[in-house]
Amino acid sequence: MADLSSDGVEEPFDLIRLSLSERVLKNLRGDRVPNGTLPAYDGHMNMVLADVTETIVVVEPPQRAEEEPIIRPVKRNCDMLFVRGDGVVLVGFPSPLRLFRNASICLAVSMKYASHRQYHFFPSLSVTPPART
């Protein structure tokens with residue numbers, strides 16, 4: 001397994017620390033996806049985003065029962081956005097390969113801090129973490 005400390009990744013928050021001043025994509029509760037530059041964050045996952053483009057998925061109910069609901073994305077731009085940490089579902093990095101020399105680092109960080117003994121990423125692939133030392 002790759003040496004995590006050589007890449008500056010020893011815990012999950014290190015991935016966010018390495019993304020300061022970079023563009024990040026976040027999935028929030030309520031089908032909101034802001035994409036912006038990350039100038040600051042804290043230990044509660046509260047984040048400030050700058051130059052934000054936020055996509056909100058709007059579902060319009062059908063006018064008649066036999067019709068399908070209309071699902072459409074609505075975009076808005078804002079200079080600065082504060083995102084409260086308890087609404088964060090996922091933090092994504094547009095260029096994740098920049099953060100890792102190889103994919104095993106991401107897997108190692110996930111395994112090191114997860115409480116489950118087996119992970120199912122895809123139906124045909126299961127990964128068992130190494131024994132803790």
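Please treat every number below as a calculation from the coordinates, not as lab data. Predicted model, so just to flag it, every value in this text is computed and none were measured. Quick reminder, even Gly has a Cβ in these numbers, built from the backbone with ideal geometry, and neighbours come from all protein chains shown.
Things to note:
- Each Lys and Arg contributes +1 and each Asp and Glu -1, all at the Cβ; summed about the Cα centre of the range 19-96, the dipole is approximately 100 debye.
- According to the calculation over all Cα-Cα pairs in the range 19-96, the P(r) per 10 Å bin from zero is 19, 46, 20, 11, 4 %.
- The charge dipole of the range 7-62, taken about its Cα centre with unit charges on the Cβ atoms of Lys, Arg (+1), Asp and Glu (-1) only, comes to about 200 debye.
- Inter-probe distance in nm under a simple model that places probes 7 Å from Cα toward Cβ, at D42 and R72: 3.8
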